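Here is the structure we will look at, set down as structure tokens.
The values are calculated or read from the model by the stated rules, or taken from the named source; none is laboratory data. As the structure is a computational prediction, the values presented were derived from the model and not from experiment. Here the Cβ positions follow ideal geometry from the backbone for every residue, glycine too, while neighbour counts run over all protein chains shown. Side chains are part of the model used for accessible areas, which takes the heavy atoms of the whole protein and leaves out ligands, DNA and RNA. Shrake-Rupley method; radii C 1.70, N 1.55, O 1.52, S 1.80 Å.
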Amino acid sequence: MNTTDEKYMQAALKLAERGIGSVEPNPAVGCIIVKQNQIIGKGRHKKFGGPHAEINALQDCKTLGASPQAATMYVTLEPCCHEGKTAPCTDAIIAAKVAKVVVATPDPSEHANGKGIDQLRSAGIEVQVGVCENEAKLLNAPFIKFAATGKCWVILKWAQSIDGKTAWAQSSHESRVTSHEFRWISGELSRKDVQDLRRRVQGILVGIETVIADDPLLTVRPSRDKEAARIVLDSKLRIPLDCKLLATAKKTPLLIVTGQEAVEVNSQAAEKIARKGAEVLAVPTAQGRCDIGFLLNELSKRGIAQLLVEGGPTVIASFLKERLADEICVYIAPKILGQQGAVDITESMAELTEAVDLHHVDIKRFGDDVRLRGLSGKTVDEILGKKSGE
């Protein structure tokens, strides 16, 4: 592979990465235009619904007074050839008389899947595919999975102390944690990073125990135009009618996931929840717990391409047991809580019968906290088109 091509594609990938958290559920794409071994234009997809990377790169050429005619374009994902929120990028590339387009990876979406590449070649433009392909696929792994399979990307996230506690112990007089009583495990910088993580997703899921204990809002702060749907696993319809989630249900989507039996037995509770503005969704249950595999299929059908699971240890472990996690993100605070801590995540993890290996692990500090993030090996193999064990 040409090292010059790799150099420019790596630059395009770095540009693309800056769009993560702003462009979802669209992919993060970067584009570099090169002529006579000089970069004459750069662009990236900046915001969902906004111009694509190729259009911004061509506009950059115009701003700099450089002509893209006979130039080489490096783009991290196959240019679109369909009319969506924006005009087809292939039309603009052809009109600009670019000589060659180097594509990192094809777009597996039904409306693309090689059609953009074919259109460019039909117009006489040389197209090379596969430069830094694995890096490009992993950068947009959630998009690639959803586009290729129609299944949402599942992120498990939690914060813990060094000794595995996920919450401070409550004093005996505390029945429910209020905002002024709540003590965080992780620091302010870690919590800010969680907000960035929430901006990526279209759904945020917790279990009913988290709602009862913490009374969370599960919104992005500061708020954005398009809020993620809040989802609660509540197999017995125990959600408090005065909780913050229901108080804001008419403003921000809220889905209460329960069992059919619970709806039949507690029909009045279901009606009260619905009147608050939430949707009650009955799913199959097993041993008193909602079928999360069934739920993920339903959420995928609703267009939730990325789901953030912020539940407690029981919910986290249930996703791991069924091998439904694609990405794991753990914030470890430099605290040993001992008897001051509650909810030991290691107890739920001890129930796992199979080890979970993380690949492409990223370790980063946020103040004194450490964030460990990685992808499941099974997911990586699927994204890269490998057979298990290759």
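Annotations for the structure displayed:
- Residue in segment 148-158 that is over 20 Å from the mean Cα position of the chain (by Cα), open to solvent by 20 Å² or more (accessible area, probe 1.4 Å) and either over 30 Å from M73 (Cα atoms) or at pLDDT below 95 (or both) present: no
- Number of positions in segment 240-267 that are open to solvent by less than 50 Å² (accessible area, probe 1.4 Å), out of contact with any strand residue (DSSP E or B) (no Cβ under 6 Å at 6 or more places or on another chain) and of a type in the set (A, V, I, L, M): 3
- Condition met for G19 (more than 16 Å from A136 (Cα to Cα) and free of Cβ contacts under 8 Å to residues at least 60 places away in the same chain): no
- From the list L308, L324, L295, the one residue that fits, being open to solvent by 30 Å² or more (accessible area, probe 1.4 Å) and touching a strand residue (DSSP E or B) at 6+ places or on another chain (Cβ under 8 Å), is L324.
- Checking A262 against (1) part of a loop (DSSP other than H, G, I, E, B); (2) touching a Ser or Thr at 6+ places or on another chain (Cβ under 7 Å), the condition it does not meet: (1)
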